[in-house]
Amino acid sequence: MSLLEVTEVRARYGSIEALKGVSLKVGEGEVVTLIGSNGAGKSTTLRSISGLTPATAGKVVFDGEDITRVPAHDIVGRGIALSPEGRHTFPRMTVRDNLELGAYLRRGPEVSEDFDRVYSLFPRLKERERQKAGTMSGGEQQMLAIGRALMARPKLLMLDEPSMGIAPILVARIYETIVEINKSGVAILLVEQNANYALETARRGYVMETGRIVLTGESGQLRDDPEVQRAYLGA
Ligand SMILES: Nc1ncnc2c1ncn2[C@@H]1O[C@H](COP(=O)(O)OP(=O)(O)OP(=O)(O)O)[C@@H](O)[C@H]1O
Ligand SMILES: [Mg+2]
């Protein structure tokens, strides 16, 4: 059985239908990527799963439960965390306070273990604990966004373009960390426009165009597909 099962989900912003029936699955402990160009509906797919842009039709099942109509804050509590596109850290708050917000409603010793875990994955965040998030570099803020999502102790971590606007050397570091996070048992749904790293890291992938999944397969198959190479691998 899949950890996450999205079936024929539709979503809209006013008169624009951004998702026209999206279906995808993520297995327990699996890394899956969703690739596609600007406006394809990748972020909206993650937002629908998170309850931020609720589905108007279709179904989202997580861990055996129907969460299609569950409000966003309850979805975090059930084990799905989103590291959103464009990072969205709180710029005037410190690194530590940003992370603490990610712990959601939990407090106490459990949370201090989560801090240790995030700081060992991202030592840079530990060094910068007292720094205001808004003064961190783009790559550091990306680490913070991922770290904050991890503070919720998710079973499924959804990452929206973790490599966007980041120097290649830091991208490599972030992807190493994604692999480490996965090895600790967390399933990952990874959205990227730059498909090179994503297809190296994920076992399977989905390709999205204008609100629909148009192609799916093992990462190797997708990498060998001429259309994918042309559109998403810069070949
Ligand atoms: N808040 C919004 N209001 C109105 N339309 C929106 C809103 N957010 C997204 N859209 C539209 O929905 C469609 C899908 O957008 P979405 O952000 O999901 O695409 P994406 O695949 O994540 O693109 P990108 O790679 O550029 O981030 C686009 O046509 C977009 O213009
Ligand atoms: Mg997007």
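The values are calculated or read from the model by the stated rules, or taken from the named source; none is laboratory data. These numbers were taken from a predicted model, which means no experiment stands behind them. So basically every Cβ, Gly included, is an ideal-geometry build from the backbone, and we count neighbours across all protein chains shown. Just so you know, the surface numbers come from the protein's heavy atoms only, side chains and all, with ligands and any DNA or RNA stripped out. Shrake-Rupley method; radii C 1.70, N 1.55, O 1.52, S 1.80 Å.
Count the net charge of all other residues whose Cβ sits under 9 Å from the Cβ of Ser219, scoring Lys and Arg as +1 and Asp and Glu as -1.
Numbers: positive: Arg203, Arg204, Arg223; negative: Glu200, Glu218.
Spelling it out: positives minus negatives among the neighbours equals +1.
What ³J(HN,Hα) values, in whole Hz, does the Karplus curve 6.51 cos²θ - 1.76 cosθ + 1.60 give for the range 201-210 when θ = phi - 60°, with x put for Gly and Pro?
After applying 6.51 cos²θ - 1.76 cosθ + 1.60, I find 8, 7, 7, 9, x, 10, 10, 10, 9, 5 Hz.
Take Ser23, project a point 7 Å from its Cα along the Cβ direction, then tell me which residues of the range 215-235 have their backbone nitrogen under 19 Å from it.
Hits in the range 215-235 for Ser23 at 19 Å: 215-218.
Measure out, as a whole number of angstrom, how far apart the alpha-carbon centroids of the range 19-37 and the range 57-122 sit.
The two parts, judged by their Cα centres, are 20 Å apart.
Pop out the ³J(HN,Hα) list for the range 12-19 in order, Karplus 6.51 cos²θ - 1.76 cosθ + 1.60 with θ = phi - 60°, rounded to Hz; leave Gly and Pro as x.
Listing the rounded values in order: 9, 10, x, 7, 8, 8, 7, 10 Hz.
Per the 1.4 Å probe, what fraction of the accessible area of the range 4-232, in percent, lies on carbon and sulfur atoms?
Details: 5190 of 10300 Å².
Using a 1.4 Å probe with all protein chains present, the range 4-232 comes out at 50 percent carbon and sulfur.
How high is the FRET efficiency from Thr210 to Arg92, r the C-beta distance, R0 41 Å, rounded to 0.05?
With R0 = 41 Å, the Cβ-Cβ based efficiency is 0.60.
What lysines could a cross-link reach from Lys59, if we take a straight Cα to Cα line under 20 Å and drop same-chain neighbours fewer than 8 places away?
List returned: Lys20, Lys25, Lys42, Lys155.
Would you mind giving the average projected area, over all directions, of the Cα convex hull of the range 4-232 in nm² with one decimal?
With every direction weighted equally, the projected area is 12.0 nm².
Accessible area per residue for the chain in Å², computed with a 1.4 Å probe and the full protein assembly in place, what is it?
Values: 10710 Å² over 235 residues.
Heavy-atom accessible area per residue stands at 46 Å².
Amide H of Val22 versus every other amide H placed in the peptide plane: which residues, excluding those fewer than 5 positions away on the same chain, fall under 5 Å?
Here the answer is Glu8, Val9, Arg10, since their amide H atoms fall under 5 Å of that of Val22.
Could you give the length gained on full extension between Ser120 and Asp63, defined as 0.36 nm per residue of separation minus the Cα-Cα distance, in nm? Before the final figure, lay out each step's value.
On the way: separation 57, 0.36 × 57 = 20.52 nm, distance 2.82 nm.
Length difference between fully extended and current span is 17.7 nm.
When the chain is fully extended, how far beyond the present Cα-Cα distance does Thr135 get from Arg106, taking 0.36 nm per residue of separation? Before the final figure, lay out the partial values.
Values: separation 29, 0.36 × 29 = 10.44 nm, distance 2.73 nm.
The span from Thr135 to Arg106 would gain 7.7 nm if fully extended.
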